[in-house]
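Novice: Please see the structure below; I have some questions.
The values are calculated or read from the model by the stated rules, or taken from the named source; none is laboratory data. Just so we're clear, the structure is a prediction, and the values are computed from it rather than from any experiment. Positions of Cβ are backbone-derived with ideal geometry, glycine not excepted, and every protein chain shown enters the neighbour counts. These area figures cover heavy atoms from the full protein model, side chains too; ligands, DNA and RNA do not enter into them. Shrake-Rupley method; radii C 1.70, N 1.55, O 1.52, S 1.80 Å.
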Amino acid sequence: MLTWAEARAACHAAGAAVPPATETVPLGLADGRTLAEPLVTLTDLPAFPTSSVDGWAGRGTQPWRIVGRVLAGEDPAPLDEDGTCVEIATGASVPDGVTAIVRVEDSLVEPAGVSGDARAMRDWRDAGEEAAKGEVLLPAGTPVTPGVIGLAASCGYHALTVRRPLRAELLVFGDELLTEGLPGAGRVRDALGPQLPAWLARYGCEVAPVGPPVKDTLEAHVSAIEAALTRADVVCTTGGTMHGPVDHLHPALAALGAEYVVNTVKVRPGFPMLVARMPGGKFLGGLPGNPQSAVVALVSLVAPLLAGLAGRSADLPKVTLGSDVPGRGDYTHLALVRLDTDGLAHALPHAGSSMLRGLARAAGFAVIPPGTHGTAGTVVELAPLPLSPGEFA
């Protein structure tokens, strides 16, 4: 049984070892994707000296005689005579030969010419001031945001090579599950079939519609997993991760020739979780059937696996506890917390492995290491939930 940190690292490494599938998409379609190649500037940034103000670009001693005007988008002739200037607009190319730019608000225009004091900090940007041609601006694995798209456009790109979106599918196990109506007579509503695809989508996956619960037989499990693997890069299952009389996941994985990356984790709640590498290089994430435990397994193992497959880091942010959180002995404790306006993480009630009330208000799970207790004021890692669509895409 691996520690929680070891299990996360193993899943991320397993995903990162898979050669990426890439595609080239127009800039307008790249938002939320992941760079498959470094973003290397195709030109100096800026490509030519540009004025950062409206004013007068002159050469030599003042007053300057006005000999023209330069607007943005024009390619000006050199200013090759001392005592001359051109009116210049913000963003316009600075002519060769200019020795100073005087802002329009600092200038005086008289019949003898233009005079005024240039600012101590030069009011134009040199070619290559932001980046030189061939410079790596962003590494592969960077999430594409609107800012990344703007940067790519500014240095000459019209398309980006990005990771292909991961395809995920969820299989729900359990004859006791209802997909509609009220629970009763020994049967419970399936709370994971409607929920987990939304989490997977927020991790950046394309998620197939969820079918009805898979029958509690070995044959049905093997058949469902085989079919899902023809469509998905990562298949997640719920339930069946223990070794009870109707827990068929482990026998199904054996029948399919799977290799465990992680098989149970020293974490509470949710320790009977697993990730398996399937023949052909795809993966299965086995999540417990208890609703909160399943989400614990998702953030513990599936999230770093997806990060590795997407070429991204699985590093966790840190938070400061605003209330005490008990430890779980030799196990890592993942404690549901909310982030309040004071910026602190406060433990939530209704955090049992079968409960969802606390999860509905949570920002994620505070990570309380083995052998410790979390006390108010302590800085700990946070295993975050992707609360905004595309946040971890």
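Novice: So what is Rg over Rh here for the range 30-112, counting just Cα atoms and using Kirkwood for Rh?
Specialist: Checking Rg against Rh, the ratio lands at 1.20.
Novice: Enumerate the amide H contacts of residue 44 below 5 Å, restricted to partners 5 or more residues apart or on another chain; note that Pro and chain-start residues carry no placed amide H.
Specialist: Result for residue 44 returns 133.
Novice: If you take the square roots of the eigenvalues of the alpha-carbon gyration tensor of the range 206-280 and sort them as a ≥ b ≥ c, do you get rounded (a/c under 1.5), prolate (a/b over b/c) or oblate?
Specialist: Numbers: a/c = 1.40, a/b = 1.26, b/c = 1.11.
It is rounded, given that a/c, with a ≥ b ≥ c, falls under 1.5.
Novice: Continuing with this model, one more query. Find the accessible area per residue for the range 114-157; the probe is 1.4 Å, ligands and nucleic acids are left out, and the unit is Å².
Specialist: Here the residues of the range 114-157 average 57 Å² of exposed surface.
Novice: In whole percent, what relative contact order does the range 1-106 give with Cα contacts below 8 Å and a gap of six or more residues?
Specialist: 27
Novice: Based on alpha-carbon centroids, what's the gap between the range 272-296 and the range 21-77 in Å, whole number please?
Specialist: One Cα centre to the other: 49 Å.
Novice: Calculate the translational D of the range 47-176 in whole µm² s⁻¹ from Stokes-Einstein, where the hydrodynamic radius comes from the Kirkwood formula applied to all Cα pairs, the temperature is 37 °C and the viscosity 0.692 mPa s.
Specialist: For these conditions, the coefficient is 183 µm²/s.
Novice: Once amide H atoms are placed 1.01 Å from N in the peptide plane, what residues at a sequence separation of 5 or more from residue 68, or on another chain, have their amide H within under 5 Å of its amide H?
Specialist: Here 87 satisfy the definition.
Novice: List the aspartates and glutamates whose Cα sits under 17 Å from the Cα of residue 133, skipping any in the same chain fewer than 8 residues away.
Specialist: Within the straight-line limit of under 17 Å, residue 133 reaches these aspartates and glutamates: 37, 44.
Novice: Continuing with the same structure: On average, how much area does the Cα convex hull of the range 281-390 cover when viewed from any direction, in nm²?
Specialist: Seen from a random direction, the Cα hull of the range 281-390 projects 7.6 nm² on average.
Novice: Here's another thing I want to ask about it. Using Cα-Cα distances under 8 Å and only pairs 6 or more residues apart, what relative contact order does the chain have, in percent?
Specialist: Values: 949 pairs, mean separation 71.1, N = 393.
RCO, the chain: 18 percent.
Novice: To continue, here is another question. Whole-Hz Karplus ³J(HN,Hα) for the range 256-266, in order, using 6.51 cos²θ - 1.76 cosθ + 1.60 and θ = phi - 60°, x for Gly and Pro?
Specialist: Each residue of the range 256-266 in turn: 8, x, 6, 10, 6, 8, 9, 9, 6, 9, 7 Hz.
Novice: Taking the Cα centre of the chain as origin, work out the dipole magnitude from +1 charges on Lys and Arg Cβ and -1 charges on Asp and Glu Cβ, in debye rounded to 20. Display every interim value, and only then the final one.
Specialist: Details: 28 positive and 41 negative charges, 326 e Å.
So the magnitude is around 1560 debye.
Novice: Taking 10 °C and 1.306 mPa s as the conditions, I'd like the Stokes-Einstein D for the chain in µm²/s, using the Kirkwood hydrodynamic radius from alpha carbon pairs.
Specialist: 64
Novice: Where the accessible area of the chain is counted over protein heavy atoms with a 1.4 Å probe, how much of it, in %, is carbon and sulfur?
Specialist: 56
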